[in-house]
Amino acid sequence: MSFIEIKDIHKTFYGKKRAGEETQVLNGVDLNIEKGDIFGIVGFSGAGKSTLARCINRLEEPDSGQIIIDGVDITGLSKKELALRRRKIGMIFQQFNLFESKSVFKNIAYPLMLDGWSKDKINSRVEEILSLIGLEDKRDAYPGQLSGGQKQRVGIGRALANRPDVLLSDEATSALDPQTTLSVLDLLKEINHKLGITILLITHELEAIKYICSNMAVLENGVVTESGSVRSIFQNPNSKTGHIFIDIYSSFRKDDLYGEGDGI
Ligand SMILES: Nc1ncnc2c1ncn2[C@@H]1O[C@H](COP(=O)(O)OP(=O)(O)OP(=O)(O)O)[C@@H](O)[C@H]1O
Ligand SMILES: [Mg+2]
């Protein structure tokens, strides 16, 4: 049994403006993710990646199928049970989604306040998190005073505050420059290593997947067309999307192909 089991997930959106308009976004997604893995999901724009991420914590209700995390069927939970389980599923986004009018401290403290933690416990947990994300000196700053990389660190800090066992990362580095991307990926790697948290890394950036993921899947028109080790998919992609992505990746790295790189 895998830590996260995604079974035959379907999701269709129905148009609000025009009756009869429908978009079938997820068409039977199956995926298994092991505990402690950093698992990459790649796919073209519109393939359904964000919808899948949102179905995992039921921010979006799947039409059918199951999401099982650590043996618990998330899709079968009542609203109250779901609210409790959701605290253990952190999520980070491309646009950070911070509260602009709250300080870094308050942004990170927010989920703990909702959870009814005491002031003292919140203080010590936020200090711990600030040290983990390397932003002790920005405790009282506001998001508007931070760089993109620092904002995403706060996003990661807030997502981790409640000690989740899963972190969903939806294009979390897509708005960052390459150097900052690298430092955020290093942070994700570090928290995966230190905390054993399972990370789902959704991204267009194959470099990011190659840098920190061990396993990956390719999503195409709402189905998983291949999944396996990053190494095997980079060396021998089997799906149409997988081929296109790897071809583009290789073209960008042409110098390396003829140099001393690993040839993929
Ligand atoms: N709430 C919604 N209502 C209607 N259609 C939606 C909704 N959310 C997503 N869609 C549609 O579902 C499809 C998949 O969207 P989704 O955001 O999951 O793709 P994605 O793979 O994350 O794309 P991107 O790489 O651009 O982020 C798109 O055609 C989108 O327009
Ligand atoms: Mg998306």
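Pull up the stretch 123-140, narrow it to residues that are within 17 Å of residue 112 (Cβ to Cβ) and basic (Lys, Arg), then point me to the one that is nearest to the chain's Cα centre (by Cα). Once the filter is applied, the top-ranked residue is 125.
Yes/no matrix, rows are residues, columns are (1) among the small types (Gly, Ala, Ser); (2) within 16 Å of residue 94 (Cβ to Cβ); (3) buried (at least 20 other Cβ atoms within 10 Å of the Cβ); (4) out of contact with any strand residue (DSSP E or B) (no Cβ under 9 Å at 6 or more places or on another chain):
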| position | (1), (2), (3), (4) |
| --- | --- |
| 186 | no, no, no, yes |
| 190 | no, no, no, yes |
| 193 | no, no, no, yes |
| 197 | no, no, yes, no |
| 200 | no, yes, yes, no |
| 211 | no, no, no, yes |
| 214 | yes, no, no, no |
| 221 | no, no, no, no |
| 228 | yes, no, no, no |
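For (1) farther than 26 Å from residue 128 by Cα; (2) within 16 Å of ligand 2 (Cβ to nearest atom); (3) acidic (Asp, Glu), each residue gets a yes or a no:
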| position | (1), (2), (3) |
| --- | --- |
| 74 | yes, no, no |
| 77 | yes, no, no |
| 88 | no, no, no |
| 93 | no, yes, no |
| 97 | no, yes, no |
| 114 | no, no, no |
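Residue-level check: of (1) over 26 Å from residue 208 (Cα atoms); (2) within 16 Å of ligand 2 (Cβ to nearest atom); (3) in contact with a Pro (Cβ under 7 Å, 6 or more places away or on another chain), residue 10 misses just (2).
When the stretch 51-74 is filtered for residues that are closer than 13 Å to residue 198 by Cβ and surrounded by fewer than 17 Cβ atoms within 10 Å (Cβ to Cβ), only 70 remains.
Conditions (1) farther than 18 Å from residue 216 by Cβ; (2) among the hydrophobic types (A, V, I, L, M, F, W, C); (3) within 16 Å of ligand 1 (Cβ to nearest atom), marked per residue:
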site: 18; (1), (2), (3): yes, no, yes
site: 22; (1), (2), (3): yes, no, yes
site: 49; (1), (2), (3): no, no, yes
site: 65; (1), (2), (3): yes, no, yes
site: 70; (1), (2), (3): yes, no, no
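When restricted to residues that are surrounded by 18 or more Cβ atoms within 10 Å (Cβ to Cβ) and either farther than 17 Å from residue 203 by Cα or out of contact with any strand residue (DSSP E or B) (no Cβ under 7 Å at 6 or more places or on another chain) (or both), the stretch 87-101 contains 3. Helices (runs of 4 or more DSSP H) fully within the stretch 120-229 that include at least 3 residues being away from ligand 2 (no atom under 16 Å from the Cβ) and more than 23 Å from residue 47 (Cα to Cα): 148-160, 178-195. For the stretch 26-48, taking the residues that are within 13 Å of ligand 2 (Cβ to nearest atom) and surrounded by 21 or more Cβ atoms within 10 Å (Cβ to Cβ), the one that is farthest from residue 187 (Cα to Cα) is identified as 26. For first residues located in the stretch 174-195 and modelled with pLDDT under 95, partners that are of a type in the set (Lys, Arg) and lie 6+ apart or on another chain with Cβ distances below 6 Å do not occur.
The values are calculated or read from the model by the stated rules, or taken from the named source; none is laboratory data. What you are looking at is a predicted structure, and each value in this text was computed from that prediction instead of being measured. All Cβ positions, even for glycine, are placed from backbone atoms using ideal geometry, and neighbour counts span all protein chains on display.
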